[in-house]
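Right, one structure below, let's go through it.
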Amino acid sequence: MEIETLDLLREALPYIQRFAGKTFVVKFSGKVTEDKENLASLAEELALLHEVGIRVCVIHGGGKQLTELADKLGVVQTVIGGRRVTDDETLDLAKMVFRGKINTEILAQFRRRGIKAVGLSGVDGGVVQAIKRPPREVIDKKTGESETVDFGHVGDVVEIDGSLINTLLDKGYLPVISSLGADDKGRIFNINADTIAAEIAANLQAEKLIMLSDVNGIYMTEGDESTKLSQLTSTDARHLIESGRATGGMIPKLENLIRLLERGVRSAHILSGTTRNAILAEVFTDEGTGTMLVQ
């Protein structure tokens, strides 16, 4: 074994000791699950976290795969203001893709690594209690005009019941949860996976929320990795917003992460979901790899 590898193990040891028994909530985007080799690599990294005693809970969406299946079947998709309108046919596809195809493929990769993973949706055990999203005013950026949009079977999270998740974690299982929820009448809703991941992390009082994205962190200038922020506090993040240095989509992302830390999650991370060993480098090394936001 090379000296460099041994040094990395030494560097990892205090982090392993620190995080043993703590809960990590990891959110997969649809893009990071579509490539089988990439998914296998992610499962291997999370299997390692699991084996050293970290309680890992995975949340996933699958918007890209849903769009691809809809195209194949000729189901027209309507996206307004960046948000999908979920009609009856689209909801049926979401149930098939999220809870069926993607969830099962993730479970298979954990099975390959000898990890006892359990597939769920937010409907199972009443984990995600939701309501139908009310119609919203959406402004057309090109015309400046607004219209009232009913997003169909899109839900908003009312409450998380973490008892089933905690039971599985306590028994040594790794829950894999797809982004569906339901109300008390049994109506099923398509819910944003980022939202579910954040709400579950807050409910579980997680040590970390790790958001796997197609970008390796938060950049001051979009697309320019040299402007990436490696670590910042909630105070730093607020200053970026108030000073006007944070712009565009960076503002709601920072605001959401600040609120999450205020609710008890100790740190939030945005990492590349397609860079090999990004999770291990972020968790077990001093340097890290993405952006970490701490209270």
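The values are calculated or read from the model by the stated rules, or taken from the named source; none is laboratory data. Computed from a predicted model, the values in this text were never measured in an experiment. Please note: Cβ atoms are built from the backbone with ideal geometry, for glycine as well, and neighbour counts cover all protein chains shown.
Taking the criterion of being in contact with a Leu (Cβ under 7 Å, 6 or more places away or on another chain) and farther than 18 Å from Gly82 by Cα, the residues of the stretch 179-201 that qualify are Ile188, Ala197, Ala198, Ala201.
Residue pairs whose Cβ atoms lie under 8 Å apart, separated by 6 or more positions or on different chains, with the first residue in the stretch 246-257 and under 17 Å from Ala198 (Cβ atoms) and modelled with pLDDT under 75 and the second aliphatic (A, V, I, L, M) and not in a loop (DSSP other than H, G, I, E, B), are Met250/Ile218; Met250/Leu240.
A quick yes/no check of all residues on (1) in contact (Cβ under 8 Å) with a residue 40 or more places away in the chain; (2) more than 22 Å from Asn203 (Cα to Cα):
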| residue | (1), (2) |
| --- | --- |
| Ala47 | yes, yes |
| Gly61 | yes, no |
| Thr67 | no, yes |
| Val76 | no, yes |
| Thr90 | yes, yes |
| Thr104 | no, yes |
| Leu107 | yes, yes |
| Val127 | yes, no |
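Counting only strands (runs of 3 or more DSSP E) that sit completely within the stretch 125-200, those holding 3 or more residues that are of a type outside the set (Gly, Ala, Ser) correspond to 128-132, 136-139, 146-149, 155-160, 174-178, 188-190. Within the stretch 201-231, the residues that satisfy the criterion of being in contact with a Lys or Arg (Cβ under 8 Å, 6 or more places away or on another chain) and part of a loop (DSSP other than H, G, I, E, B) are Ala206, Glu207, Asp214, Asn216, Gly217, Met220.
Residues in the stretch 63-81 that are closer than 19 Å to Leu180 by Cα and either among the basic types (Lys, Arg) or surrounded by fewer than 11 Cβ atoms within 10 Å (Cβ to Cβ) (or both): Lys64, Val79.
Number of residues in the stretch 52-101 that are of a type in the set (A, V, I, L, M) and not in a strand (DSSP E or B) equals 13. None of Phe24, Phe98 is within 14 Å of Phe284 (Cα to Cα) and aromatic (Phe, Trp, Tyr) except Phe24. When Gly264 is tested against the conditions (1) surrounded by fewer than 21 Cβ atoms within 10 Å (Cβ to Cβ); (2) among the small types (Gly, Ala, Ser); (3) part of a helix (DSSP H, G or I), the lone failure is (3). Right, Lys208: basic (Lys, Arg), in contact with a His (Cβ under 7 Å, 6 or more places away or on another chain) and in contact (Cβ under 8 Å) with a residue 40 or more places away in the chain or not? Yes.
Take the stretch 118-168 and flag every residue that is charged (D, E, K, R), crowded, with 16+ Cβ neighbours inside 10 Å and under 20 Å from the mean Cα position of the chain (by Cα). The answer is Asp124, and nothing else. Taking the stretch 17-38, which residues are modelled with pLDDT under 95 and not in a loop (DSSP other than H, G, I, E, B)? Phe28, Gly30, Lys31, Val32, Thr33, Lys36, Glu37, Asn38, listed by residue number.
Scanning the stretch 225-261 for residues that are among the polar types (S, T, N, Q) and in contact with a strand residue (DSSP E or B) (Cβ under 6 Å, 6 or more places away or on another chain), which turns out surrounded by the fewest Cβ atoms within 10 Å (Cβ to Cβ)? For the stretch 225-261, the residue satisfying everything is Thr227.
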